[in-house]
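Enquirer: After the structure tokens below, expect a handful of questions from me.
The values are calculated or read from the model by the stated rules, or taken from the named source; none is laboratory data. What you are looking at is a predicted structure, and each value in this text was computed from that prediction instead of being measured. Backbone-built Cβ (ideal geometry, glycine too); neighbour counts: all protein chains shown.
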Amino acid sequence: MKELTLTESPKNPQIEFAKRNIIHGLSTFNAWSALQRLQLLIDDINELKEILSPTLEERIYPSFFEISSYYQVGIVTCLEWHAKSRLFDLLNYNPKLVRQEDIKQLLNNPNILGMTYEGLTIPHLVASAGNIATVEKYVSVISRVLSQFKPKVNLGEILGRKTSSQESYESLLRSLFNDRNQLVHEITLSDIGHRNIRYYKSFDEVLSIALIVDNIIKEIEVQLSASAPYDFPNLLDSSHVAVTKTEVLKRRITEAEAVIREAISSGVLTDIFSLDQWDTIIENHHHYLEKEEQFIDSMSFPGYQYYDPKHNILERLLECRLEYLVKLRDEVLPAV
């Protein structure tokens, strides 16, 4: 019998991942999305527990539903998303931190040449290719990110904390990753054997795990936000809400304007710019930007409740302003 072959050529999974999740305006490849997904899982566990608890109480022990254990798969996905997105943030912020081992496996892939016409960079593909399948890998990636900024509380201290049953957070994560891998990749007697020897996690158990993972990610983010530069990508504020890119861009624009003003006031190229001229330009631009923001905010788009492009439009406007100021600083005011 002739061997069946697939009709479509395989696509490079790293390139496809980056195209789906990183390089467009709808990107959810960030720490906030990991926490948001985790909160939705927590809400779902609570809701399903309330619905199914009466049925479980009527059943002969051990009583369980398979679905409760499988929440662990979603919880680990949040940890994986957190680590991979933060690695991308780090390498995208400072490409000099890309290591030789990061790209070694990428260079052996013949499809990697396709990244150029897809608009991808090495940080895109390093993050896409990452496999966070164990607690050791999660710790390695997060430690790599945190070590660049020397937070007051390190990852070892966070993972050394104890649960109510005196299990360390590290031990809990190790068990979580192991259970997830077994659920996804194995079928053993603990899955298909007699009900008395079946392995499962109750709704209360997975809820406790999810809440601890939520605490771990939030504490890591607190330390990162407190120690990283303000323009490090996708930082969270004290309420664990994403700091918008527009906030960062406006701050960088203000700083760039101030640097140029200081150069003019100190006598650099005053034959081209006077301080009064510069102050008038800045005042006029701020008035213009205010009007542009009002115009963008007034726009109405179909389906805005699902995706509102206003933020991306404003971001692009601010990016153009910042690019102009940087060019002005580098070319017209070379002494700055």
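Enquirer: Confirm whether E247 is within 25 Å of A34 (Cβ to Cβ), in contact (Cβ under 8 Å) with a residue 60 or more places away in the chain, surrounded by 12 or more Cβ atoms within 10 Å (Cβ to Cβ) and not β-branched (V, I, T).
Expert: no
Enquirer: Could you please let me know if V241 is under 23 Å from S85 (Cβ atoms) and surrounded by fewer than 16 Cβ atoms within 10 Å (Cβ to Cβ)?
Expert: Yes: the conditions hold for V241.
Enquirer: Taking the conditions exactly as written (out of contact with any His (no Cβ under 8 Å at 6 or more places or on another chain), without any contact (Cβ under 8 Å) to a residue 40 or more places away in the chain, of a type outside the set (F, W, Y) and surrounded by 14 or more Cβ atoms within 10 Å (Cβ to Cβ)), does L235 satisfy them or not?
Expert: So L235 fits the description; yes.
Enquirer: Just give me the residues in the range 11-58 being of a type in the set (F, W, Y) and in a helix (DSSP H, G or I), in sequence order.
Expert: F17, W32
Enquirer: Would you check which residues across the range 250-272 are free of Cβ contacts under 8 Å to residues at least 40 places away in the same chain and not in a helix (DSSP H, G or I) and list them?
Expert: Those that are free of Cβ contacts under 8 Å to residues at least 40 places away in the same chain and not in a helix (DSSP H, G or I): S266, G267, T270, D271.
Enquirer: To continue, here is another question. Give the range 226-249 a look and list any residue that's of a type in the set (A, V, I, L, M) and not in a loop (DSSP other than H, G, I, E, B), or say none.
Expert: A226, L236, A242, V248, L249
Enquirer: Considering only residues of the range 31-69 that are out of contact with any helix residue (DSSP H, G or I) (no Cβ under 6 Å at 6 or more places or on another chain) and of a type in the set (S, T, Y), which is surrounded by the most Cβ atoms within 10 Å (Cβ to Cβ)?
Expert: The qualifying residue surrounded by the most Cβ atoms within 10 Å (Cβ to Cβ) is S69.
Condition check ((1) surrounded by 11 or more Cβ atoms within 10 Å (Cβ to Cβ); (2) without any contact (Cβ under 8 Å) to a residue 40 or more places away in the chain) across all residues:
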position: E292; (1), (2): yes, yes
position: I296; (1), (2): yes, yes
position: S300; (1), (2): no, yes
position: G303; (1), (2): no, yes
position: P309; (1), (2): yes, no
position: N312; (1), (2): yes, no
position: K327; (1), (2): no, yes
position: V332; (1), (2): yes, no
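Enquirer: Next question. Can you find, within the range 303-336, the residue that is farthest from the chain's Cα centre (by Cα) among those that are at pLDDT below 85 and in a helix (DSSP H, G or I)?
Expert: V332
Each row is one residue, and each column tells you yes or no for (1) touching a Lys or Arg at 6+ places or on another chain (Cβ under 8 Å); (2) assigned by TED's automatic domain parsing to the domain that holds I51; (3) surrounded by 14 or more Cβ atoms within 10 Å (Cβ to Cβ); (4) on the phi > 0 side of the Ramachandran plot.
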site: K150; (1), (2), (3), (4): no, yes, no, yes
site: V153; (1), (2), (3), (4): no, yes, yes, no
site: E170; (1), (2), (3), (4): no, yes, yes, no
site: D179; (1), (2), (3), (4): yes, yes, yes, no
site: L189; (1), (2), (3), (4): no, yes, no, no
site: R198; (1), (2), (3), (4): no, yes, yes, no
site: S202; (1), (2), (3), (4): no, yes, yes, no
site: D214; (1), (2), (3), (4): no, yes, yes, no
site: E221; (1), (2), (3), (4): no, yes, yes, no
